[in-house]
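The values are calculated or read from the model by the stated rules, or taken from the named source; none is laboratory data. All values derive from a computational prediction rather than experimental measurement. Cβ sites come from the backbone with ideal geometry, for glycine too, and all protein chains shown count toward neighbours. When the accessible area is computed, the model is the full protein with side chains, heavy atoms only, and any ligands, DNA or RNA have been set aside. Shrake-Rupley method; radii C 1.70, N 1.55, O 1.52, S 1.80 Å.
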Amino acid sequence: MAKIKLAKSKVDTLVEICKSFNNEGSELINVLHKAQETFGYLPAEVQEIIARELNVAVAHVYGVVTFYSFFSMVPKGEFPISICMGTACYVRGAEKVLEEFKRQLDVPVGETTEDGKFSISCLRCVGACGLAPVVTIGERVYGRVAAGDVADIIKEYQS
Amino acid sequence: MVLVWRNVSLMRLAFSKEDLKMEKMIKLTIDNKQIEVPHGTTIYEAAKELGIEIPTLCYMHLGDMGIEHKPGGCRICVVEVEGRRNLAPSCNSKCEEGMVIHTHNMRVLNARKTVMELMLSDHPFDCLVCAKSGNCDLQTMAHQFGVRELHYKGEQSTYKVDYSPSIIRDMDKCIMCRRCETMCNDVQTVGALSAVNRGFESVVAPAFEMDLEKSTCTYCGQCVAVCPTGALTEKDHTNQLIRDLADPKKTVVVQTAPAVRAALGEEFGMEAGTLVTGKMVSALRRLGFNSVFDTDFAADLTIMEEGTELLERLQKHLDGDKDVKLPILTSCCPGWVNFFEHHFPDMKDIPSTARSPQQMFGPIAKTYLADKMGVKREDMIVVSIMPCLAKKYECQRDEFKVDGDPDVNYSISTRELANLIKQANMDLTTLPEEDFDNPLGESTGAGVIFGATGGVIEAAARTAYEVYTGKTLEKVDFDALRGMEGIRSATVDFDGLPINIGIAHGLGNARKLLEDIRDGKSQYHAIEIMACPGGCIGGGGQPLHHGDSSILKKRAAALYREDEGKAIRKSHENPYIIKLYEEFLGKPCSELSHKLLHTHYFDKSNEIEIE
């Protein structure tokens, strides 16, 4: 089995997070949320430690991480792009917008550009259906986005 | 999470028992037949009572083992409930008063066939060359439902085939019934497999979708034993064996595990629990093995070594030695060995150091026997026939090799042997009964019962009692050690000295006993552990039981029958064992015994290196 290498401070932080949830296996999702909030993503090493601390199988942890699109095993970009694929956004052309982001940044959903600047993910409904299709970059929300707007949006972050 | 799941199923069990007490009965009609069932009964179970076998691909209920899996996922078991809008999955729908149910009307048959066709639309079309062909539930049902063409064409999942030393995973063939997950997580608590990803991409896989070999898999093979398709199969060594048997330069000897003789007949249409020892021996001889030996002989040898070790530790304990490790745990089962190496490495000095019978047979064959036969080690091939998939891995372990040559070259399963016999144009049922060869073919009743849960510790008790007390055991049957309960305990009286014995089968049960030891709560002197439910008779390499756990009971009964019929029933009275010690090993736990018949264990837990 693979050896895990992780800085002590990181391990300590994880142990602390698990402890704050009483090392309960049933708190796995909450622990993963907190861990992703702290580290930005959930690499294999982090999942191994969480499994050990909560006394659950690491395969199970991985199963949960891969089930929920919110969790990511790769670091998100400096500017994380999320395209809403909820029903309203979808019927108003979100898929075309997504395809355009993928094409222009040359990166698939769930991954990050080589320079670490952008990552693309999909989400389901940000509660702004009136603005469909919606794209969020970091905390900023873009409404009524069309495929033709994508180049200009990306440009805003490239300077 | 795993723990929580288990609690839920326990609660469910508790509820249904409570309901039974209240004796609230429900009347319903299934296929025009009336039936009364206790509250809480599922439609599937009620139908079964009436002799109606509703087909299913995911539901699994091994009653005697307390194993239940009803995710309602495959949707094959749907039935029509009059007055209900949609069809109901019978495996997890409870019976209600006055229900009128149809299990095979037009609507149901059409739905079932459509579900099957959808499943097949994402399934490879390689039935003719699939290892599971002829024994595949998916194939059988597709045929049964009259699927003759597929109306749905679409994307098909493709995954890399994962070859481990014991188990092959071909997830293109997985239908997500998730029985393997239940066996791996809830029953065995191994946690090697989990459903990962979602939607079309979902698949059952080890953590990080790495190879099984790099996971915590113990190779117990219980996932293979319940897989309804060809997604999980064993690594097949039959072609290697056919090549070796055809090589005139090689002396090929075979050893057969106790549990094989109680199950092999099933592959030839014989009733479960039919003993085919003599027929199996003649089949092996006709296949071309130079000598046909018995792992039961090595089981007797195991008792000599393990029993001596037990008495040594016990004596030290009685003499007040605080460092001596008790309880002693049996070490015959390679799935169990893998389990504690992965999950309880801190306790790796507690199990007996005695090798398993398979791995005791190998070195004795390649030294003592090879010498007697005048055969060089490199010209001898030792093959084992095992009810087990972990044995395939065990014989490849580095510590069981001499200069790269394995003591046991490879292991083939009961299922593989059945195929081999059929391939050689033999019908087992018509073969004559023959005897094993000697000197490694003679065994006692104690060796035979190794194949059933509780058998190893009973065999050890028979010998240890006589060695310790110096008296003859009047009654060799220790009934208290037998049975199918997951965890059992009994106290055996060694002439005034009470010996506490624990037994666990199924790794989830083993885990409970181990946690007690770790917490200092264990009162046992000796514990027998078998990875598979029922012991080796329920091994991952046995003929598939297709969910009928009564088969396991019948196999166990067959072994106890063979034991009863033996003239000698205590390992230390086996004349060839006595001779082996006189001529070769000296005495149990001698220096040579330690070199050839004992082993050591490794920490295989996930090492976390902190920078």
- Could you please find all residues in the stretch B:369-414 being on the phi < 0 side of the Ramachandran plot and small (Gly, Ala, Ser)? B:Ala370, B:Ser384, B:Ala390, B:Ser411, B:Ser413
- Within the stretch A:100-128, restricting to residues that are without any contact (Cβ under 8 Å) to a residue 24 or more places away in the chain and in a helix (DSSP H, G or I), the one that is surrounded by the most Cβ atoms within 10 Å (Cβ to Cβ) is A:Lys102
- Restricting to strands (runs of 3 or more DSSP E) lying wholly in the stretch B:97-211: which have 3 or more residues that are among the aliphatic types (A, V, I, L, M) and within 14 Å of chain A (Cβ to nearest Cβ)? B:203-205
- Query: In the stretch B:549-567, which residue that is assigned to a loop (DSSP other than H, G, I, E, B) and in contact (Cβ under 8 Å) with a residue 60 or more places away in the chain is surrounded by the most Cβ atoms within 10 Å (Cβ to Cβ)?
  - Reply: B:Ser549
- Message: If I filter the stretch A:52-91 down to residues being among the hydroxyl-bearing types (Ser, Thr, Tyr) and either touching a strand residue (DSSP E or B) at 6+ places or on another chain (Cβ under 6 Å) or within 23 Å of A:Ser119 (Cβ to Cβ) (or both), which single residue comes out as farthest from the other protein chains (Cβ to nearest Cβ)?
- Response: A:Ser82
- Task: For residues that are part of a loop (DSSP other than H, G, I, E, B) and over 21 Å from A:Tyr68 (Cβ atoms), scanning just the stretch A:83-97, find the one that is least open to solvent (accessible area, probe 1.4 Å).
- Result: A:Gly93
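Here is a yes/no grid of residues against (1) open to solvent by less than 10 Å² (accessible area, probe 1.4 Å); (2) farther than 30 Å from B:Gly455 by Cα:
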| position | (1), (2) |
| --- | --- |
| B:Met183 | yes, no |
| B:Val204 | yes, yes |
| B:Asp211 | no, yes |
| B:Thr218 | yes, no |
| B:Ala231 | yes, yes |
| B:His237 | no, no |
| B:Gln240 | no, yes |
| B:Arg261 | yes, no |
- Message: Quick check on the stretch B:1-52: of everything there that is modelled with pLDDT of 55 or more and over 25 Å from B:Val78 (Cα atoms), which residue is surrounded by the fewest Cβ atoms within 10 Å (Cβ to Cβ)?
- Response: B:Glu23
- Scan the helices (runs of 4 or more DSSP H) fully inside the stretch B:351-452 and keep the ones with 2 or more residues being open to solvent by less than 10 Å² (accessible area, probe 1.4 Å). B:357-364, B:390-394, B:414-423, B:445-448
- Quick check, is B:Asn500 open to solvent by 10 Å² or more (accessible area, probe 1.4 Å), of a type outside the set (Asp, Glu), in a strand (DSSP E or B) and in the same structural domain as B:Gly307 (by TED's automatic domain parsing)? yes
- Query: Do you know which residues across the stretch B:577-587 are surrounded by 17 or more Cβ atoms within 10 Å (Cβ to Cβ) and under 24 Å from B:Glu474 (Cα atoms)?
  - Reply: B:Ile577
- Message: If I ask for residues that are in contact (Cβ under 8 Å) with a residue 12 or more places away in the chain and of a type in the set (Gly, Ala, Ser), which ones from the stretch B:568-594 would you list?
- Response: B:Ser571, B:Ser593
- Task: Examine the stretch A:54-75 for a residue that is of a type in the set (Phe, Trp, Tyr) and open to solvent by less than 40 Å² (accessible area, probe 1.4 Å), and state whether such a residue exists.
- Result: yes
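From the list A:Ala88, A:Ala51, A:Ala44, which one is assigned by TED's automatic domain parsing to the domain that holds A:Gly143 and either small (Gly, Ala, Ser) or free of Cβ contacts under 8 Å to residues at least 40 places away in the same chain (or both)?
The conditions single out A:Ala88.
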- Task: Could you tell me whether B:Arg511 is closer than 27 Å to A:Asn55 by Cα and at pLDDT 95 or above?
- Result: yes
- In the stretch A:129-159, how many are aliphatic (A, V, I, L, M), part of a helix (DSSP H, G or I) and within 13 Å of A:Pro80 (Cα to Cα)? 2
- Cβ-Cβ under 6 Å pairs, at least 6 apart or on other chains, the stretch B:377-397 side touching a residue at least 40 places away in the same chain (Cβ under 8 Å), far side open to solvent by 20 Å² or more (accessible area, probe 1.4 Å) and part of a helix (DSSP H, G or I): B:Pro387/B:Cys536
- Message: Condition check: within 14 Å of another protein chain (Cβ to nearest Cβ), under 20 Å from B:Glu209 (Cα atoms) and either at pLDDT 95 or above or in a helix (DSSP H, G or I) (or both). Does A:Val46 satisfy that?
- Response: yes
- Query: Could you say which residue among A:Glu100, A:Glu111 is farther than 22 Å from A:Tyr68 by Cα and of a type in the set (D, E, K, R)?
  - Reply: A:Glu100
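Matching residues to (1) aromatic (Phe, Trp, Tyr); (2) part of a loop (DSSP other than H, G, I, E, B); (3) more than 29 Å from B:Thr189 (Cα to Cα); (4) modelled with pLDDT under 95:
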| site | (1), (2), (3), (4) |
| --- | --- |
| B:Val260 | no, no, no, no |
| B:Met270 | no, yes, yes, no |
| B:Lys279 | no, no, yes, no |
| B:Phe289 | yes, yes, yes, no |
| B:Asp296 | no, no, yes, no |
| B:Thr302 | no, no, no, no |
| B:Val337 | no, no, no, no |
- Message: Criterion first (open to solvent by 20 Å² or more (accessible area, probe 1.4 Å), assigned to a helix (DSSP H, G or I), closer than 27 Å to B:Ser202 by Cβ and at pLDDT 95 or above) does A:Ile29 satisfy it?
- Response: yes
- Within the stretch A:7-22, the residues that are buried (at least 17 other Cβ atoms within 10 Å of the Cβ) and away from chain B (no Cβ under 14 Å) are A:Ile17
- Note on the structure: In the stretch B:28-68, anything in a helix (DSSP H, G or I) and not hydroxyl-bearing (Ser, Thr, Tyr) is listed as B:Ile43, B:Glu45, B:Ala46, B:Ala47, B:Lys48, B:Glu49, B:Gly63, B:Asp64, B:Met65
- Within the stretch B:63-100, track down each residue that is of a type in the set (A, V, I, L, M, F, W, C), touching a residue at least 40 places away in the same chain (Cβ under 8 Å) and either in the same structural domain as B:Arg179 (by TED's automatic domain parsing) or surrounded by fewer than 23 Cβ atoms within 10 Å (Cβ to Cβ) (or both). B:Met65, B:Ala88, B:Met99, B:Val100
